[in-house]
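Every read-out reported here was derived from the displayed coordinates using simple, explicitly stated rules and does not represent laboratory data. Remember, predicted model here, so these are calculated numbers, not experimental data. Note that each Cβ is placed from the backbone with ideal geometry, even for glycine, and that neighbours are counted across all protein chains shown.
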Amino acid sequence: MRAFVRHALSPQRRTLTVLVGLLVFSAFWAGASGFWLVFRLTYVLALLIPAAYVTAWANVRALEATVQRRTERAQVGQEAQEVIEVRNRGFWPKIWLEVDDPSTMPGHQAKRVTVIPPRRSRSWLVDTPLVRRGLYEWGPLRVTGTDPFGIFRLTRTFGGTQQILVYPPVFDIPHFQAPPANLPGEGRFRRRTHYVTPNASGIREYQPGDSLGRIHWPSTARTGELMVKTFELDPASDVWVILDLERRAHAGSGDQSTEEYAVRAAASIARHYLIANRSVGLLSFGRDLDIVEAERGPQQLTRILESLALAQAVGDVPLGNLLFEEQRRFGRHTTLVIVTPSTDDHWLPAALSLAQRGVRMAVVLVDPSTFGATRSPLMLYGELTASDIMTYVVANGDDLTLALSAPGGVPAWQS
């Protein structure tokens, strides 16, 4: 009974419920009193309700609606664009049409009320500023028609849903530095690559798709067949960005959270090294273990940003356990950049163990005390600097370009 009452008194049906109640009341009153004015009120209500329904029903008939969503992937700070078009195929105007393309994107407003003349169409552009990373849904497009009295609201849907992936923002950090890895011998860590580098390692037969610029003409003339050069990567160290997504280590919410600052720092560091043509990988453990193997090039940045767009601080694996379990990936030719809000030194032994094996590292500490937490990274910062580990500190409100320019910075607990 309560569910029925709530349903009848919902904002969408409140007017209809009142009119039906008034109709029933006036019908009983007219039958009991025989008063002519009450009879006329009953007739008016009895005709008004079905006429209003027919008007709302006709308002959403003979319609075509399409939406062209132009953005599938974008970055925070950019805009998502879509073009909505509604066409009236009928011979009567469509009035009070409410058109909406709902989305889970924060700040998305695509709702519009429009009037469409017969055999005409209306179209408009909707720009949505992207303010938060993540995976969001658009649609389906909804067109709602109503009557002049707002008694009935009938809705039709057009098309399906579409997803948009929003990457985290990245910042220029031209002065960021991490200790270079030890490379014991020139060429020891060279690897074959499809990129053209200064290191030509040999020749092979031409294959469809090979660039003509890679053809080795002396060998081609000697063998009588097209031969192309093969290349190897420079013996530069791999850079691994380790992002700590343990739930208990993070503080704050939304954009003002250690999670968001850590993700932005990780994205900026990865981009910094990829622009320098370094091989960069990403390792994190949120809902699951997420590994982006170390590679170079623009496509690698896209893969890392895709991973970071979906990163959430919901993990149960401590940073120390993650470093211990994945230590086989890191050797003397590896540089680690650890991004963490953890103030506990439980992970420090694992990091020092890697350092003793020749792995070079830097740490980016996101200070949770500036995001509402009571714990301070002061003790951990002291242990890291005492262990000769380059450490950057990022606080709430910091400009990452400045915070990641000089190790240490000026933390709130040092100022």
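Considering amide H positions built from the backbone, and no H for Pro or chain starts, which residues 5 or more places from residue 97, or on another chain, come under 5 Å of its amide H?
Hits under the 5 Å cutoff: 114.
Once the convex hull of the alpha carbons of the range 63-167 is built, what does its volume come to per residue, in cubic angstrom? If you can, show how the numbers build up before the last one.
Numbers: hull volume 9.1 nm³, N = 105.
In the range 63-167, the Cα hull volume divided by residue count equals 86 Å³.
Can you figure out the FRET efficiency of residue 230 with residue 388, using R₀ = 41 Å and their beta-carbon distance, to the nearest 0.05?
0.50
Calculate the FRET efficiency for residue 253 and residue 64 from the Cβ-Cβ distance with a Förster distance of 45 Å, rounded to the nearest 0.05.
Working: r = 43 Å, r/R0 = 0.95.
It comes to 0.60.
For the residue pair residue 210 and residue 149, what label-to-label distance in nm results when each label sits 7 Å from Cα along the Cα-to-beta-carbon direction?
8.1
Hey, could you pull the Cα Rg and Dmax for the range 238-403, both in Å?
According to the Cα coordinates of the range 238-403, Rg and Dmax are 14.5, 41 Å.
What number comes out for the charge environment of residue 119, summing +1 per Lys or Arg and -1 per Asp or Glu over other residues with Cβ under 15 Å away? Each step should come with its number before you reach the end.
On the way: positive: 61, 87, 89, 94, 120, 122; negative: 64, 85.
Taking every other residue near residue 119 into account, the sum is +4.
Using a 10 Å cut-off on Cβ atoms, rank the peptides 218-230, 151-163 from the highest mean neighbour count down.
On the way: 218-230: 13.3, 151-163: 15.5.
Highest to lowest by the protection proxy: 151-163, 218-230.
Sorted from largest down, what three extents in whole angstroms do the Cα atoms of the range 216-304 have along their principal axes?
68, 24, 20
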